[in-house]
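The values are calculated or read from the model by the stated rules, or taken from the named source; none is laboratory data. Quantities reported herein were computed from a predicted structural model and do not represent experimental measurements. We place every Cβ from the backbone using ideal geometry, glycine too, and count neighbours over all the protein chains shown.
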Amino acid sequence: MPLKPVLGPIQLVFYSIGVIVGAGIYSVIGAAAGLAQSDLWLSFAIGAGVAVLTAASYAEMATTYPEAGAEYIYVRRAWPKAEWLSFGVGVLMLIGNAAASATVAIAFGGYLREFVDVPPGW
């Protein structure tokens, strides 16, 4: 059963930027500032360098395999006899996206509680 692409390139770029900004900056800025203090800019510069290298390698893979689920397709074509491996990569991508979205939601909830009296479980 082929997967139909639902999101276009623009939506995927905004989704990626939102997850990176939300998970990387809004959720850890306070803890990072407490640990790194005046060298906070250096830790973010190193993180940005790693992110650029990761983005470049992912962009190469995504343009080589533009079908939906590029990670799954890549592993499936690299090791065609190991179907469990491509399935595992697909599951890991789902878990990673869910974890990133949960991190953004928890960080947003923490910031929202600073401005609005919201019950902690809500």
Residues of the stretch 33-87 satisfying the condition of being surrounded by fewer than 11 Cβ atoms within 10 Å (Cβ to Cβ) and touching a residue at least 40 places away in the same chain (Cβ under 8 Å): none
Number of the condition not met by residue 75 [criteria: (1) at pLDDT 80 or above; (2) out of contact with any Leu (no Cβ under 6 Å at 6 or more places or on another chain)]: (2)
Test: residue in the stretch 92-106 that is in contact (Cβ under 8 Å) with a residue 12 or more places away in the chain and more than 19 Å from residue 12 (Cα to Cα): yes
Test: residue 57 is touching a Lys or Arg at 6+ places or on another chain (Cβ under 7 Å) and either at pLDDT 80 or above or among the acidic types (Asp, Glu) (or both): no
Test: residue in the stretch 27-39 that is within 30 Å of residue 2 (Cα to Cα), assigned to a helix (DSSP H, G or I) and at pLDDT below 75: no
